[in-house]
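The values are calculated or read from the model by the stated rules, or taken from the named source; none is laboratory data. Just so you know, these numbers come straight off a predicted model, no measurement behind them. Methodologically, a virtual Cβ is constructed for each residue, glycine included, from the backbone with ideal geometry; neighbour enumeration extends over all protein chains shown. Quick note on the areas: whole protein, heavy atoms, side chains included, nothing else; ligands and nucleic acids left out. Shrake-Rupley method; radii C 1.70, N 1.55, O 1.52, S 1.80 Å.
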Amino acid sequence: MGLGSESFQLLSKIATNDQHGENSPYFDGWKAYEKNPFHPTKNPHGVIQMGLAENQLCFDLIEEWIKNNPKASICTPEGMHNFREIANFQDYHGLPEFTSAMAKFMSKVRGGRVRFDPNRILMSGGATGANELIMFCLADPGDAFLVPTPYYPGFVRDLCWRTKVQLIPVHCDSSNNFKITREALEVAYNKAQEDNINVKGLIITNPSNPLGTTLDKETLRSLISFINEKTIHLVCDEIYAATVFTSPTYVSVSEVIQEMNCNLDLIHIIYSLSKDLGFPGFRVGIVYSYNDQVVNCGRKMSSFGLVSSQTQHMLASMLCDEKFVDKFLLESSRRLFKRHEKFKKGLEEVAVSRFPSNAGLFCWMNLKSLLKEDTIEEELKLWRVIINEVKLNVSPGSSFNCSEVGWFRVCIANIDDETVEVALKRIREFIGKETKKKVEQVKRWQPNLRLSFTSRKLDETILSPHNHIIISPHSPLVRAT
């Protein structure tokens, strides 16, 4: 039943606005998949989901651990003796064994080069909840955060929808490998100042979604210096920290601030187990702040989106198993590398380039050569063909606020090897068909372009006052065009 104008007036502004971000092509692709999902036998011509950044490559290792550790769950005969204790009310500090295990895991993922204090760990319902929580702590409605492009489309929902915070793009491009420069930061910051917008901070994603790259120490130092000079916050989204599969090694902001003299009250980290362990359904989001006031306020706010005590209990046991964690992280990196190489070679077979990456669950694919014009409209037109005809849900670069057209994010860790082969076959066939069209187009026009100005009548070529050749309306070149 639709809402009439009178019923609409009975609801809040949040309930009736369209600021959630679901009208983005990023989410439209998901809807196309949900209407016609691929299945190898039941629906082999359906849409393959390559728009969802999930890590399903090591589920077998998780399942094996669960079978070997039945005591970790309160829902098994071996673990039921803990049922009453875990099922009872837990305050928003979280189970001590969970926050302690989480701090150790975060340290291990970052190479053991930094330690985390369990008392600074705040829980939330996934990275989405963690991002919103930190915004509520740092900014008021109308305040803004700088964010380098391209960036995760869900930030509009996570950071802005309910908080009313604004995002100001810091435009980066491929000319310098999308590096975040001090110059670009200054341009965005100064423009906001001119527009009387109160900039409260800078949010970065490291490793990057959608680029799949990691920030080096030099860049991180530059970003820290920038926010320190402006006295604004730095929020580092590090939810892909354990997805690094080749060099260079991962460097966290927590490591760099140990080597610099900066205001620690301005540094905050977002983390999650959704990408690194492949547990998006467990809704484990973490805010780690070096600011005492943020920790105190955020802990109270976390009561609106706590991780269930049953989940905390099981994960505490799993993350404390150092032998398993070491094996998982090593094998996960190996499998991610193998999957990236497989997909890269598949694209190379049809001369499709991708942005060089060393992390993440996706690749940044360049299809600019297939665009008739360098416009967002043409990019979206190509994207619709890929969704509706090629039947692949990939995400267009414009939905990531990319300043260049023709880029597409393709998620490759949420499907099995057989589905990857099907996807690559579809890409090869599509690129082959498009290439053939272009060749035929060129052949069709070539005979009409054999012109010789010297053998034509005078009225077919006219000299301008500056001796530039102007083609007459009767010229064969005009007729060919």
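Place the peptides 279-287, 62-70 in order of packing, highest mean first, counting for every residue the other Cβ atoms within 10 Å and averaging per peptide. Walk me through the numbers on the way to the answer.
Details: 279-287: 21.8, 62-70: 12.9.
Top to bottom by mean Cβ count within 10 Å: 279-287, 62-70.
Output the antiparallel fraction of DSSP beta bridges having both residues in the chain, as a percent to the nearest 5.
55
Compute the orientation-averaged projected area for the range 69-321 from the convex hull of its Cα atoms and round it to one decimal in nm². Could the numbers behind the result be given before it?
Values: hull surface 54.1 nm².
Value for the range 69-321: 13.5 nm².
With the other protein chains left in place, how much accessible area per residue, in square angstrom, belongs to the range 69-321 at a 1.4 angstrom probe?
40
With Rg and the Kirkwood Rh both taken from Cα atoms, where does Rg over Rh land for the range 295-347?
Answer for the range 295-347: 1.25.
Non-local amide H neighbours of ILE168 (under 5 Å, H modeled in plane, Pro and chain starts lacking H): which ones?
Answer set, sorted by chain and number: PHE145, LEU146, VAL147.
Can you give the percent of C-alpha pairs in the range 132-207 whose distance is more than 20 Å?
On the way: 848 of 2850 pairs.
Here the long-distance tail beyond 20 Å is 30 percent of all Cα pairs in the range 132-207.
Once you keep just the Cα pairs under 8 angstrom separated by 6 or more residues, what percentage relative contact order results for the chain?
It rounds to 21 percent for the chain.
Given (i) 53, 31, 24; (ii) 47, 28, 23; (iii) 38, 26, 22 as candidate values of semi-axes √(5λ) of the Cα gyration tensor in Å, which corresponds to the one derived from the coordinates?
The value matching this structure is (ii).
First compute the accessible area of the chain with a 1.4 Å probe, then give the percent of it belonging to carbon and sulfur atoms. Can you show the working numbers first?
On the way: 12530 of 24030 Å².
Carbon-and-sulfur percentage of accessible area, whole number: 52.
Span-like helices, the chain: DSSP H, alpha-carbon axial extent 24 Å or more, mean Kyte-Doolittle 1.0 or greater, which ones?
none
In whole Hz, what ³J(HN,Hα) sequence does the range 257-264 give by Karplus (6.51, -1.76, 1.60; θ = phi - 60°), x for Gly and Pro?
5, 6, 9, 10, 9, 9, 7, 5
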